[in-house]
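The values are calculated or read from the model by the stated rules, or taken from the named source; none is laboratory data. What you see is a predicted model, and the numbers here were worked out from it, not measured in a lab. Using ideal geometry, Cβ is built from the backbone for each residue, glycine included, and neighbour counts are taken over all protein chains shown. Each accessible area value is taken on the protein alone, full model and side chains, heavy atoms only, with ligands, DNA and RNA left out. Shrake-Rupley method; radii C 1.70, N 1.55, O 1.52, S 1.80 Å.
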Amino acid sequence: MADEPSNCFLCNPGRRPIIAQNALAFALNDAHPVTPFHALIIPRRHAPTYFDLHAPERRAIDLLLDEVRRNVLTADTTVEGFNIGMNCGRTAGQSVMHCHVHLIPRRAGDVDQPRGGVRAVIPGRAAY
């Protein structure tokens, strides 16, 4: 059950500044960042999840992930790593039903125990 493009804030980002773009995708700073420079990479076409994208859209997103990563590393020398994440479907935590990829810069000490990274989405499963 996808949100309609007419009421999708990712289809209609309004005045939010685009930080990078290409023909098939664009990037915005996250409105509720987990860390400084947290960005969203978004396909221009309204597609509910990553699995609904066409191969050229996936490639366009990959290219923007690289570009935004380079820009973040230039702007903030304290960044030492990144998490890349997607929530695909409501059960997986997706709340905006337009595909978007989170690029979250990470810095030493930003959490007590970073081991497990995205595995921590399920409590108790990060440490193995």
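Placing +1 at every Lys and Arg Cβ and -1 at every Asp and Glu Cβ, with all other atoms neutral, what dipole size does the chain have around its Cα centre, in debye to the nearest 20? If you can, show how the numbers build up before the last one.
On the way: 14 positive and 12 negative charges, 21 e Å.
The dipole of the chain has a size of about 100 debye.
How high is the relative contact order of the chain, given as a whole-number percent (alpha carbon pairs under 8 Å, six or more residues apart)?
Details: 196 pairs, mean separation 32.5, N = 128.
About 25 percent, as a whole number.
Mind pulling the angle between the C-alpha long axis of helix 55-75 and the longest principal axis of the chain? Nearest 10 degrees, somewhere in 0 to 90.
50
What nm value, rounded to one decimal, do you get for the distance between N22 and L73 when each label is placed 7 Å out toward the C-beta?
1.7
Using a 1.4 Å probe on the protein heavy atoms, what percent of the accessible area of the chain belongs to carbon and sulfur? Don't skip to the answer; put the middle values down first.
Numbers: 4410 of 7940 Å².
Exposed carbon and sulfur together represent 56 percent of the surface.
Heavy atoms of the protein only, probe of 1.4 Å, neighbouring chains included. What is the accessible area of D52 in Å², nearest 10?
70
Pull the list of the chain cysteines that no other Cys approaches to under 4.7 Å, Cβ to Cβ.
Unpaired cysteines in the chain: C88, C99.
Given a 1.4 Å probe, how much area per residue of the chain is accessible, in Å²? Mind dumping the intermediate values first?
On the way: 7940 Å² over 128 residues.
Result: 62 Å² per residue.
Let me make sure I get this right: for segment 60-123, a, b and c are the square roots of the gyration tensor eigenvalues over alpha carbons, sorted descending. Under 1.5 in a/c it's rounded, otherwise prolate if a/b > b/c, else oblate. Which is it?
oblate
Taking only DSSP H segments of four or more residues, each worth -39500 (n - 2.57), what value at 222 nm results for the chain once the sum is divided by all its residues, to the nearest 500 deg cm²/dmol?
Values: 1 runs with 21 residues, N = 128.
Rounded to the nearest 500, the figure is -5500 deg cm²/dmol.
Once a ≥ b ≥ c are taken as the square roots of the eigenvalues of the Cα gyration tensor of segment 1-68, is the result rounded (a/c under 1.5), prolate (a/b larger than b/c) or oblate (a/b not larger than b/c)?
On the way: a/c = 1.65, a/b = 1.11, b/c = 1.48.
Oblate is the answer for segment 1-68, as a/c is 1.5 or above yet b/c matches or exceeds a/b.
Which whole-number percentage describes the relative contact order of segment 67-128, with Cα contacts under 8 Å and a sequence gap of 6 or more? Could the numbers behind the result be given before it?
Values: 56 pairs, mean separation 18.7, N = 62.
Rounded, it is 30 percent for segment 67-128.
Based on the alpha-carbon gyration tensor of the chain and its eigenvalue square roots a ≥ b ≥ c, which shape applies: rounded if a/c is under 1.5, prolate if not and a/b is larger than b/c, or oblate? All intermediate terms of the calculation are to be shown ahead of the outcome.
Working: a/c = 1.92, a/b = 1.29, b/c = 1.49.
In terms of gyration-tensor shape, oblate.
For a quick check, take a GNM of the chain with Cα springs below 10 Å and name the residue from R44, R106, R16 with the largest mean-square fluctuation.
With Cα springs under 10 Å in the chain, the top fluctuation among R44, R106, R16 is at R16.
So how much slack lies between R15 and R119, counting 0.36 nm per residue of separation and subtracting their Cα-Cα distance, in nm?
Difference between extended and current length: 34.0 nm.
Have a look at V96, V72, V118 and tell me which one the Gaussian network model of the chain (Cα, springs below 10 Å) gives the largest fluctuation.
V118
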